[in-house]
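These notes concern the structure reproduced below.
The values are calculated or read from the model by the stated rules, or taken from the named source; none is laboratory data. Just so we're clear, the structure is a prediction, and the values are computed from it rather than from any experiment. Cβ placement follows ideal geometry from the backbone for every residue including glycine, while neighbour counts extend to all protein chains displayed. Quick note on the areas: whole protein, heavy atoms, side chains included, nothing else; ligands and nucleic acids left out. Shrake-Rupley method; radii C 1.70, N 1.55, O 1.52, S 1.80 Å.
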Amino acid sequence: MKHIKRSLRVLGGLAVVVDVSSVLGSNYVRSEALNGFGSAATGGLGGEVVQVRSTKALKYELCRSYSFGRCNDSSPREIQVAGTIDFTGTEGQGEGQGCQYGRACSAPYKSESLLLIDGNDAHCDGKEKTLVGFDRAGKHPLEIGSNKTVIGVGPSATIKGKGLRLNGVSNVVIRNLTISDINQGMIFAGDAIAIARADLVWIDHNRFHNIGRQMIAGGLGPTTNITISWNDFDGSDTYSSYCNGEHYWNLLFLVSRRRSPSQITISMRSQGGRRTLTVPRLLFISSTITSTTRMRNRAADSSMQWMLDHLCKC
């Protein structure tokens, strides 16, 4: 971690309402006390419980209604993800202006490409621009409404090829999921979890792998009362900015002094027990943890000090 860059049962496609206790079992009991800014998050507790196995059912249950393009479904609901739900190729292939980004790698590693956000994007300045292909599904994340729990059933629950977005919502819990293979090797073609103007969020016991850009990205607007705990950020990747098998992009929280304060707790665990890093006002953070092969929300004792010294600049 040497480099710092400033700056969630379907039958015939229908969801089936199930008894949570019969599906999740004792392994899914909230065994550890939630702490930090997101400690009051309850998600869909007390609401309808549905289990999904298809792309159509997952998209519908996460958000059943929209207003002016934004999710306005605030009914409490627990969405259980069973098996692998793969969005890859479901929306076709796209093409846009971009460039090769980073170093030119030789086998077994591959060079990353970058998809320009728009005509004003300067990331490819000084580089040869070319058309780059991408999977459209990865560019369009799944919207989650307020008062929702998205939880994986069993150890293999996976959302593949598309991420999750929390945009102007509150009280969301995301647990026990693998989110993977979102335009691998293509920067700006999709994040695993994107958070914008959200409040009261708990992201816990998830795994992220083969993500083109950020595994968790937040801070586009006030981002308050967030706890990120016990996650596995798997950065082993054949696509590598430095041709070393390490994913460059992992966590990004953009916060400006001109914006409202953000409140985020990142919980770490070492062999000596649980520790919690609490940053009460992220007015000064605009950082990306980079060049990390595997970063877990648990770490050796020295990692806590590293976070304090380098991520927060506290």
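Within the bounds of segment 15-32, is there any residue that is out of contact with any Pro (no Cβ under 8 Å at 6 or more places or on another chain) and at pLDDT 50 or above? Yes - at least one qualifying residue is present in segment 15-32.
Could we say that SER260 is on the phi < 0 side of the Ramachandran plot, of a type in the set (Gly, Ala, Ser), modelled with pLDDT under 85 and open to solvent by 30 Å² or more (accessible area, probe 1.4 Å) here? The answer is yes for SER260. Evaluated against (1) touching a Ser or Thr at 6+ places or on another chain (Cβ under 6 Å); (2) surrounded by fewer than 18 Cβ atoms within 10 Å (Cβ to Cβ), THR88 falls short on exactly one condition, (1).
Sub-6 Å Cβ pairs linking a first residue in segment 169-193 that is within 19 Å of ARG64 (Cα to Cα) to a second residue that is open to solvent by less than 20 Å² (accessible area, probe 1.4 Å) and β-branched (Val, Ile, Thr), at least 6 apart or interchain, are VAL172/ILE144; VAL172/VAL201; VAL173/THR149; ILE174/VAL150; ILE174/ILE203, ordered by first then second residue. Checked against the criterion of being in a strand (DSSP E or B) and either exposed (fewer than 15 other Cβ atoms within 10 Å of the Cβ) or aromatic (Phe, Trp, Tyr) (or both), segment 110-121 contains not a single residue that satisfies it. Every condition in (1) modelled with pLDDT of 95 or more; (2) surrounded by fewer than 23 Cβ atoms within 10 Å (Cβ to Cβ) is met by LYS148 except one, and the failing one is (2).
Please tell me if ALA137 is out of contact with any Cys (no Cβ under 8 Å at 6 or more places or on another chain), crowded, with 23+ Cβ neighbours inside 10 Å and closer than 30 Å to GLU48 by Cα. The answer is yes for ALA137. For GLY126, the conditions (1) assigned to a loop (DSSP other than H, G, I, E, B); (2) open to solvent by less than 10 Å² (accessible area, probe 1.4 Å); (3) out of contact with any strand residue (DSSP E or B) (no Cβ under 7 Å at 6 or more places or on another chain) are fulfilled apart from (2).
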